[in-house]
Amino acid sequence: MNYPAKWRKWGLVEVKHEPVLLEEVLEGLSVRPGGIYVDGTVGLGGHSEALLRASSPDGFLFGFEWDEASLRRAAKRLSAFAGRFRLFRANFAEAPEILKREGVEADGILLDLGLSSFLLEGSGRGFSFLREEPLDMRMDTRLRMKASDLVNRLSYPQLVELLKTYGEEPRAAKIARAIVEARKKKRIETSAELARLIERTVRPRKRGEHPATLTFQALRIAVNRELENLEKFLAEAPDLLKPGGRLAIISFHSLEDRLVKKAFREDSRLRVLTKKPIRPSEDEIKRNPRARSARLRVAERCAP
Ligand SMILES: C[S@@+](CC[C@H](N)C(=O)[O-])C[C@H]1O[C@@H](n2cnc3c(N)ncnc32)[C@H](O)[C@@H]1O
């Protein structure tokens, strides 16, 4: 349903987000009472809450989330654990630096990448091709570039490159051509306008997938510099871990998963604990279809 944007701002529309692979994350991170944990993608606080509960009575959590509205909701949700957590409105790529300054050494670090149900359905920022919303796609509204800037300003070759690099979209040239033609008549301003244009241009690649899926993925990754942030984090996070501390990362598409797999394999500070990524059970996918493409990889910090 399309709610008025101000309802969302006032918190009148509550969107639930079920944390993905929850048991597997707690087990992978080997959460214990008194441990120190970092959640780099707090979202609505589902995993954070579980980490605090499993590390009761005295575990501590440092949480990072760059979307202000999500962070506000998470803080409310975690209020029962007051004194046992600190939340930062910051990019997780900055987390290693911030926490090193604080002298933190962690027992476990989690990233649950991608979109929350709140961003997708409740933020009003054009993440979903099913909604008529401004084509924004910034997870952090302090970022300067919106998806509409890319769609309306990039040249044809730049659009092709973006769709290929961040969407692995085989029909990149056709879609880029349609965008360039359409914007000669009128700027493309909303998510639904872009989705309709792509629907008219190409067919779905497979049953059940919207033809604009990869274009929306590409724009979102570019706007939020998702791969750059993940790469920076992967290079620095192992130094935040105590020997034996664990790093767990849930990714939702192969571009992210490839980076995680490669970094875990090639990093001499880490020992890989998941030869194959852990996938959600059939039951979880039935309960929470958003979990369908989730892949969890876990690594352990080696002794120096
Ligand atoms: C899949 S959701 C996390 C959901 C959360 N685990 C829960 O159970 O509620 C991913 C969250 O990470 C946030 N995020 C993505 N990239 C980020 C970054 N570079 N820095 C900080 N937060 C980020 C998004 O804003 C989103 O709220």
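The numbers here are math on the coordinates, done by the rules we state, and not lab data. No experiment lies behind these values; they were computed from the predicted model shown. All Cβ positions, even for glycine, are placed from backbone atoms using ideal geometry, and neighbour counts span all protein chains on display.
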For residue 174 and residue 199 in the same chain, what is the full-extension length gain: residue separation times 0.36 nm, less their Cα-Cα distance, in nm?
7.8 nm
How big is the dipole moment of the chain about its Cα centre under a simple scheme where the beta carbon of each Lys and Arg is +1, that of each Asp and Glu is -1, and everything else is neutral? Debye, nearest 20, please.
1080
At residue 105 and residue 18, where each label point lies 7 Å from the Cα along Cα→Cβ, what is the point-to-point distance in nanometres?
3.9
Charges only on Cβ, +1 for Lys and Arg, -1 for Asp and Glu: so what's the dipole of the stretch 264-304 about the Cα centre, in debye to the nearest 20?
100
What are the ³J(HN,Hα) couplings of the stretch 253-262, residue after residue, when phi is run through the Karplus curve with 6.51, -1.76, 1.60 and θ = phi - 60°? Round to Hz, x for glycine and proline.
8, 5, 4, 5, 4, 4, 4, 5, 4, 5
Taking the alpha-carbon distance from residue 146 and a cut-off under 25 Å, which lysines remain once sequence neighbours fewer than 8 residues away in the same chain are dropped?
6, 9, 164, 174, 184, 185, 186, 232
Eigenvalues of the Cα gyration tensor times 5, then square-rooted: what semi-axes does that give for the stretch 128-224, in whole angstrom, largest first?
18, 15, 14
Hey, rough spin-label estimate for residue 144 and residue 165, points 7 angstrom out along Cα→Cβ, what's it come to in nanometres?
1.7
If amide H atoms are built 1.01 Å from N in the plane of the peptide, which residues on other chains or at least 5 residues away come under 5 Å of the amide H of residue 35?
59, 60
At 37 °C in a medium of viscosity 0.692 mPa s, the chain has a Stokes-Einstein diffusion coefficient, with Rh taken as the Kirkwood radius over alpha carbon pairs, in µm² per second, of 163
Answer check: the stretch 178-304, Cα atoms, Kirkwood Rh, Rg/Rh ratio of 1.10
Counting only DSSP beta bridges with both residues in the chain, what percent are antiparallel, rounded to the nearest 5?
40
Explain nothing, just compute: Karplus ³J(HN,Hα) = 6.51 cos²θ - 1.76 cosθ + 1.60, θ = phi - 60°, for every residue of the stretch 109-125 in order, whole Hz, x for Gly and Pro.
10, 10, 10, 10, 6, x, 9, 8, 4, 5, 4, 5, 10, x, 8, x, 9
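Say R0 is 41 Å: what FRET efficiency, to the nearest 0.05, do residue 181 and residue 239 get from their beta-carbon distance?
Efficiency computed from Cβ-Cβ geometry: 0.25.
What is the extension gain from residue 282 to residue 79, computed as 0.36 nm multiplied by their sequence separation minus the C-alpha to C-alpha distance, in nm to one decimal?
Stretched fully, the residue 282-residue 79 segment lengthens by 69.8 nm.
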Can you give me the three principal axis dimensions of the stretch 13-53 from its C-alpha atoms, in Å, biggest first?
36, 17, 17
The stretch 58-120: GluC sites (Glu not before Pro) in DSSP coil with no more than 13 other Cβ atoms inside 10 Å
102
Taking R0 as 45 Å, what's the FRET efficiency between residue 268 and residue 189 from their Cβ-Cβ distance, rounded to 0.05?
0.40
What FRET efficiency comes out for the pair residue 155/residue 72, r = Cβ-Cβ distance, R0 = 30 Å, nearest 0.05?
0.20
Compute the distance from the alpha-carbon center of the stretch 20-69 to that of the stretch 79-101, in whole Å.
11
Taking θ as phi - 60°, what are the ³J(HN,Hα) couplings along the stretch 84-92 by the Karplus curve (6.51, -1.76, 1.60), each to the nearest whole Hz, with x for Gly and Pro?
10, 8, 9, 10, 10, 8, 7, 5, 5
Cα atoms only: what Rg and Dmax, in Å, come out for the stretch 98-170?
16.7, 48
